[in-house]
Structure formats: C-alpha cells, structure tokens
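Structure, as structure tokens:
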Amino acid sequence: MKQLFETSATTTGGRNGHVKSADGVLDFNLKIPTQMGGEGGQFTNPEQLFAAGYSACFDNALQMVAGMEKIKIESTTTANVGLAMHNPTSYGLTATLDVEVKGVDKDKAQELLNKAHTICPYSVALKGNVDVKINLV
C-alpha cells in the first residue's frame, strides 16, 4: 500500500487535557462532556473530532464515487458519533451518518452511499468493529 499522507497530533492529559497537531493548526484544550460528568463548556472531545473527520471523509468518498460515474451531486454528511459502555471496563463507539444527496433519485443516491461506504477510509477502518448506520435524508 502506498501511503499518500501522514499527520500527527499529541495529547497531554487525556480527555481533560490539551491536543496539538504537529503543524500547529490544531491547538486546543479537551474537556469531558457534561453528559459524562465533566465540566463541558466551549471545548471539544475525541468523539467530536472523530465525527468531524468521518463526515468530511465520507462526504468526499461520496463525491468521488459520483464523479467516477460522471454524476454531479450536492451532498451534506453529518456524522453522529457516540461513546458507549459495553461493560464497566470496556467502551466502544457508535456511528450514524445522515447524508443528504441532491441531483439524483433516491435509489441512485442509496447506491452511491453504499459505494462510498466501501471506499471511505473511516468506514473501512470501522468495518467489523463499529456498526455504522447510514441514513439517506
């Protein structure tokens, strides 16, 4: 496999810490959300960062598969990512993608979503680990 890109980010202090990317573009504090007993506020958390990455990656994969079929679409992808407790010592992620596709009928849009799910790097990484639900909205 030919690597096309690599980046890195470093966190100190875990979920109540600080994260910074190697290039300095990301540089901010993390806080545990209030729903998990944290102080929350105007801070981010790992699930929010994952949702941002997944929505961007999936939407790009959708645009790519449409482009390969020479179809022009407009799309918006919202990734809903949650943290679930399997048992007192084991956690996992939940993921639901809500995708709006304009420019094709419902059946074609669903076909494009299915194809995008097979090539999106986030979807591929989650396969077999997280049950990803994809809703055409």
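If you place +1 on the Cβ of every Lys and Arg and -1 on the Cβ of every Asp and Glu, how big does the dipole about the Cα centre of the chain come out, in debye to the nearest 20?
Dipole about the Cα centre, nearest 20: 180 debye.
Mind running the shape call on the chain? Use the C-alpha gyration tensor, a ≥ b ≥ c as the square roots of the eigenvalues: rounded below 1.5 for a/c, prolate if a/b tops b/c, oblate otherwise.
prolate
How would Glu74, Glu47 line up from fewest to most surrounding beta-carbon atoms within 10 angstrom?
Glu74, Glu47
For the range 45-126, which trypsin sites (Lys or Arg not before Pro) are in a loop by DSSP, counting at most 15 other Cβ atoms within 10 Å?
Listed in order of number, the matching sites are Lys70, Lys72.
Compute the signed sum of charges (Lys and Arg +1, Asp and Glu -1) over the other residues within less than 13 Å, Cβ to Cβ, of Met68.
+1
If R0 is 35 Å, what FRET efficiency do you get for Lys106 and Val130 from their C-beta distance, rounded to 0.05?
That gives a FRET efficiency of 0.85.
Which angle from 0 to 90°, rounded to the nearest 10, does the C-alpha axis of helix 106-119 make with the longest principal axis of the chain?
50 degrees
Counting Lys and Arg as +1 and Asp and Glu as -1, what is the net charge of the other residues whose Cβ lies under 12 Å from the Cβ of Met36?
Cβ neighbours under 12 Å give a net charge of 0.
Compare the Cα positions of Tyr91, Val104, Ala116 along the charge dipole of the chain (+1 at Cβ of Lys, Arg; -1 at Cβ of Asp, Glu; about the Cα centre) and return the one farthest towards the positive end.
The listed residue farthest towards the positive side: Ala116.
Compute the longest continuous run of the chain that contains no exposed chymotrypsin sites (Phe, Trp or Tyr not before Pro); treat a site as exposed when its DSSP state is not H, G, I, E or B and it has at most 16 other Cβ atoms within 10 Å.
The longest such stretch corresponds to 44-137.
Return the subset of Lys31/Lys115; Lys31/Lys102; Lys2/Lys127 for which the Cα-Cα distance in this structure is over 28 Å, preserving the input order.
Violating the 28 Å limit, Cα to Cα: Lys31/Lys115; Lys31/Lys102.
Laboratory data are not the source of any read-out in this text; all were calculated from the coordinates shown. From a predicted model like this one, the values you see are computed outputs, not experimental measurements. Quick reminder, even Gly has a Cβ in these numbers, built from the backbone with ideal geometry, and neighbours come from all protein chains shown.
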